[in-house]
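**Student:** What follows is a structure written as structure tokens; I'll ask about it next.
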Amino acid sequence: MPKSQFHRYLLCWLAFGAFMCLVPLFASTGMVRVLIFANFLAIFAMSWDIISGRTGYISFGHPFLIGIAGYTTAILTRHLDAPLYVSIPLAILATLVGGALFFVPALRIRGTYFALVTLAFMELMYQLTQVIAPKITGGTRGLSGLKTIILGAVPNYYLSFFVMFAIAFCLWLIVRTRIGSALAAIRMDEEAVTALGLSTFKLKLFAFGTSAAVAGIGGALYVHYIGSIAPRALFDINFLFTILVAALLGGSGTIAGPILGAYFLTFLLEYLRPFLSGAERYLIYGAITLIVYVLEPRGLHSILERAYARIAPALARGFAR
Amino acid sequence: MINVLIQGLALSGLYALLAVGFTMIFSVGRVLNLAYGVYIMLGGYMYYTAVQVLGLPKIGGFAFAIASGIAFGVLTYTILVRRLEDNPVAVEIATLILAVVMQSLIILIYRPVSKSMWPVVQGVFRYEGVFVTYNLLVAMVVSWVALAGLLLFVRYTRYGRAIQAVSMDRKGAVISGIDPRQMNLATWAISGALGALAGVFFATYTQLNPSMWVGPLIVAVAVVVVGGIGSIIGSLIVAHIIGFMETFTTALIAAELRGVFTMILIIVVLVVAPKGLFGRSEL
């Protein structure tokens, strides 16, 4: 990447960060709460995208990873009264172990079958949390009344945004390196990457670890933001659907895409609320995503990029005049 | 014990019917249709609408269910899958999204509450400690008949053999003058019909609710995964493994753990033997 382009992207990131910091000054509390959800969804979508968008190993089990983090910290704080600065890192650690579980099948299978294994992991977890040790996990009803990190909409907004922004920025720095290119190469042709003498084992391990860590951070913080956890809310195809849709709609294989998708979806949800109150909104989400996916598999990000490429010369000419 | 065996046999019959439509698409088109559960759900809901809301006779209910299954199968293929065909992963993602879309549509029309369906055939078969609902027995018989019909169709009719040819070797089929798209379309229609038919019985076996598509889909996935690449006979065997496993778990351990072993089976088989226990065979 040329230096000037690097600086331009950096400028975009800083402008985005600065703008989002100013949002609570003019937005209503309701809007701020909506944005908190958008931030969490963006974290989850980015986590999904590291594995699936970059390396092409489609994960249908991301709720499994998020759920491990959520349940670990919920159980630790609820039953052992562990402080958050202990339980959250432990939760992230537990998610890394979960990510390693994902990694084992990925050594042998890929493509459609890998997605099925991860889906099976999620459904398995859903059934197990209800049956095994319901006293600890809270069974079907889950656990509620969990500790919160900070109170109030605006502080929570800043927390969620800074975490999201930090993750996005770190990921952006990572994918700019040769590791990023190597991961993208795995998606295109894994054998070719091996043939070049690179260890796909290490590269995949890195991608899975990063994805799990991000899912863990997001999951643990999310649970302590909403204050409750239940199997049906987490290990659910609808939750998976929301993550998938956010990443795909925004544009998988990019950093800005999942963020864009998450914000777009959350705002769409807010505007649809007066018309469609319940699960019906998935109808609109899904329909929009399917249309975009069939027409442009690389999502809104790519559509905007092309629009910019078309407008930019005209703009430049305008300024020159 | 005999009771458990007979129940297992009946449930396995239903599962075989549930899975075979999913297997066929995989065998012919080499794609996984995760919206397959929707055909099952659609079958249940359409039968319910025809028989319990509109008061049509049961035959009408079946006709309605199967017709909607075929229509939806054909629509999924022409609108969505054909456009993504060369990419199985894209099809997998798109059909999963489609399934959730259809689930929301069902919620929008029928509300999220569960509805109970009248059994297709009333009554319970009792004989020396054995009791199975006639409904499940009829489901098993229908399933056997449908599967036998399918097998005969695929093996002995020109059209069926053309479908089989596409599943064996797509390029070879094209050279012989077969249009693989047309065969794929036919497969999706048959798959929709079988799914909807199975759905009527599945809905009477459990109940109607908008998330009922997940369970049968997982059974179908397990059958394909464990049975290897879409063979009808392989699917039949694996459907029995899963059916008996579930019945035994329910009877001997706990009903809640019923699905757990199916999931573990999927994971273990895929990790240990990614090509399935019965290897590669054609339809």
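**Student:** Within region A:250-272, how many residues are assigned to a loop (DSSP other than H, G, I, E, B) and over 18 Å from residue A:40 (Cβ atoms)?
**Tutor:** Going through region A:250-272 one residue at a time, the tally reaches 4.
**Student:** Follow-up question, since we're still on this one. For the condition buried (at least 18 other Cβ atoms within 10 Å of the Cβ), aliphatic (A, V, I, L, M), more than 9 Å from every other protein chain (Cβ to nearest Cβ) and over 11 Å from the mean Cα position of the chain (by Cα), what is the one hit in B:253, B:242, B:266, B:233?
**Tutor:** Criteria check complete, one pass: B:242.
**Student:** Answer with yes or no whether residue B:69 is under 17 Å from residue B:203 (Cα atoms) and either under 17 Å from the mean Cα position of the chain (by Cα) or away from chain A (no Cβ under 14 Å) (or both). It would help to see each step written out before you state the result.
**Tutor:** Values: under 17 Å from residue B:203 (Cα atoms): yes; either under 17 Å from the mean Cα position of the chain (by Cα) or away from chain A (no Cβ under 14 Å) (or both): yes.
Yes: the conditions hold for residue B:69.
**Student:** Could you tell me which residue of region A:125-136 is farthest from the other protein chains (Cβ to nearest Cβ), considering only residues that are free of Cβ contacts under 8 Å to residues at least 40 places away in the same chain and part of a helix (DSSP H, G or I)?
**Tutor:** From region A:125-136, those free of Cβ contacts under 8 Å to residues at least 40 places away in the same chain are A:127-128, A:131-135; that's our starting set.
If we keep only those that are part of a helix (DSSP H, G or I) too, we end up with A:127-128, A:131, A:134-135.
Values: A:127: 5, A:128: 7, A:131: 5, A:134: 10, A:135: 15 Å.
The qualifying residue farthest from the other protein chains (Cβ to nearest Cβ) is A:135.
**Student:** Pairs under 6 Å by beta carbon, first residue without any contact (Cβ under 8 Å) to a residue 12 or more places away in the chain in region A:150-175, partner of a type in the set (Asp, Glu) and part of a helix (DSSP H, G or I), six or more apart or different chains?
**Tutor:** Note: no pairs meet the criteria.
**Student:** Can you tell which of A:243, A:284, A:217, A:179 is farther than 26 Å from residue A:96 by Cα and of a type outside the set (Ser, Thr, Tyr)?
**Tutor:** On inspection, the qualifying residue turns out to be A:284.
**Student:** Still on this structure, please answer the following. So for region A:106-127 (the condition being closer than 23 Å to residue A:234 by Cβ and at pLDDT below 80), does at least one residue qualify?
**Tutor:** Checked region A:106-127: at least one residue is closer than 23 Å to residue A:234 by Cβ and at pLDDT below 80.
**Student:** Here are some residues: A:99, A:145, A:139, A:53. Which one is more than 13 Å from residue A:235 (Cβ to Cβ), within 14 Å of another protein chain (Cβ to nearest Cβ) and in contact with a Gly (Cβ under 8 Å, 6 or more places away or on another chain)? Show your work before the answer.
**Tutor:** Numbers: A:99 fails: within 14 Å of another protein chain (Cβ to nearest Cβ); A:145 fails: within 14 Å of another protein chain (Cβ to nearest Cβ); A:139 fails: in contact with a Gly (Cβ under 8 Å, 6 or more places away or on another chain).
The unique qualifying residue is A:53.
**Student:** Go through B:80, B:42 for me and flag whichever is touching a helix residue (DSSP H, G or I) at 6+ places or on another chain (Cβ under 7 Å) and crowded, with 22+ Cβ neighbours inside 10 Å. Lay out the reasoning, then the answer.
**Tutor:** Details: B:80 fails: crowded, with 22+ Cβ neighbours inside 10 Å.
Exactly one of B:80, B:42 is touching a helix residue (DSSP H, G or I) at 6+ places or on another chain (Cβ under 7 Å) and crowded, with 22+ Cβ neighbours inside 10 Å, namely B:42.
**Student:** If you scan region A:243-265, which residues turn out to be under 23 Å from residue B:102 (Cβ atoms) and either more than 14 Å from every other protein chain (Cβ to nearest Cβ) or surrounded by fewer than 23 Cβ atoms within 10 Å (Cβ to Cβ) (or both)?
**Tutor:** Residue satisfying the conditions is A:264 alone.
**Student:** Taking the residues in region B:110-149 that are over 22 Å from the mean Cα position of the chain (by Cα) and either modelled with pLDDT of 90 or more or within 10 Å of chain A (Cβ to nearest Cβ) (or both) as candidates, determine which candidate is surrounded by the most Cβ atoms within 10 Å (Cβ to Cβ).
**Tutor:** B:112
**Student:** Just give me the residues in region A:173-195 being among the charged types (D, E, K, R) and either under 23 Å from residue A:5 (Cβ atoms) or at pLDDT 85 or above (or both), in sequence order. Let's see the steps before the verdict.
**Tutor:** Quick first cut of region A:173-195, residues among the charged types (D, E, K, R) only: A:176, A:178, A:187, A:189-191.
If the condition is that a residue be among the charged types (D, E, K, R) and either under 23 Å from residue A:5 (Cβ atoms) or at pLDDT 85 or above (or both), then A:176, A:178, A:187 are the ones that fit.
**Student:** Which of the numbered conditions does residue A:148 fail, given that it passes all the others? Conditions: (1) in contact with a Phe, Trp or Tyr (Cβ under 8 Å, 6 or more places away or on another chain); (2) surrounded by 17 or more Cβ atoms within 10 Å (Cβ to Cβ).
**Tutor:** (2)
**Student:** Conditions first: (1) closer than 22 Å to residue B:94 by Cβ; (2) surrounded by 21 or more Cβ atoms within 10 Å (Cβ to Cβ); (3) within 13 Å of chain B (Cβ to nearest Cβ). Residue A:109 passes all but one, so which condition is the exception?
**Tutor:** Of everything listed in (1) closer than 22 Å to residue B:94 by Cβ; (2) surrounded by 21 or more Cβ atoms within 10 Å (Cβ to Cβ); (3) within 13 Å of chain B (Cβ to nearest Cβ), residue A:109 misses just condition (2).
**Student:** Out of the residues in region B:165-177 that are surrounded by fewer than 18 Cβ atoms within 10 Å (Cβ to Cβ) and at negative phi, which is nearest to the chain's Cα centre (by Cα)?
**Tutor:** Top of the filtered list is B:168.
The values are calculated or read from the model by the stated rules, or taken from the named source; none is laboratory data. All figures in this text were calculated on a predicted structure; none of them were measured in a lab. No Cβ is skipped: glycine too gets one built from the backbone with ideal geometry, and neighbour counts run over all protein chains shown.
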